[in-house]
Amino acid sequence: MRELKRIILHCSATREGQDVDAAAIRRWHLARGWSDIGYSYVIRLDGSVEAGRPLHRIGAHVKGHNADSVGICYVGGLDAQGDPSNTMTSRQRAAFQRLCYALCITFQQPFSIHGHNEYSPKACPSFSVAEEFEDLITWCGSYQQRYPQQRPPASLERAQHGARAASCCGCGKCHC
């Protein structure tokens, strides 16, 4: 297994509300001549996480920074007019947090968390990861296994926003 140190968040550069899956992104990347999808995980609009390129294989998501990183892509990143915008839903946020926790716990090590825009002059993921995920970055960056069944602190875990919950905002009508 390769040595992983960083998690890098990306967006699919699709318009708000346009749902695509890992298979579609894989087709896009294969059409560009790549050997597979560039990301290890894709987070859909409903918060479900789909596997992409296996973790044991080096990704293709940030030129020059793939060897020690895990690429995670959330679906979205553009507003209705096609301009960069933070379109990450609350379910996607919760899924990203849980995935980061799971990586720390599974590999029993800390990870630094970054946005694609920290390594390249691009908008992707269309916001500042450091500002949006300050607590998560602190927790994952200082992770140390303290006991075998360790979980993230309750103040950070957002398990109530499951991928198949009827409504994340509590109104009971929408599927935000």
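So, with +1 on the Cβ of K and R and -1 on the Cβ of D and E, and no other charges, what is the size of the charge dipole of the stretch 1-122 about its Cα centre, to the nearest 20 debye? List each step's numbers first, then the result.
Details: 15 positive and 11 negative charges, 62 e Å.
Result for the stretch 1-122 is approximately 300 debye, rounded to the nearest 20.
Could you rank the peptides 82-94, 34-46, 57-69 by their average count of other C-beta atoms within 10 Å per residue, with the highest value first? Walk me through the numbers on the way to the answer.
Details: 82-94: 18.8, 34-46: 21.2, 57-69: 16.1.
Averaged packing, sorted descending, gives the order 34-46, 82-94, 57-69.
Which three extents, in whole angstrom, do the alpha-carbon atoms of the stretch 1-47 cover along their principal axes, largest first?
Reported extents, whole Å, longest axis first: 35, 26, 14.
Sticking with the crude label model, points 7 Å out along Cα→Cβ, report the distance from Lys63 to Asp79 in nm, one decimal please.
Modelled inter-label distance: 2.9 nm.
Provide, for q = 0.09, 0.10, 0.20 Å⁻¹, the log10 of I(q)/I(0) from a solvent-free Debye sum over equal Cα point scatterers in the stretch 6-141.
-0.22, -0.28, -1.25
FYI, it's all coordinate maths here, none of it is from the lab. Nothing here was measured: the structure is a model prediction, and the numbers come from that model. Because the Cβ atoms are built from the backbone with ideal geometry, glycine has one as well, and the counts that use them run over all protein chains shown.
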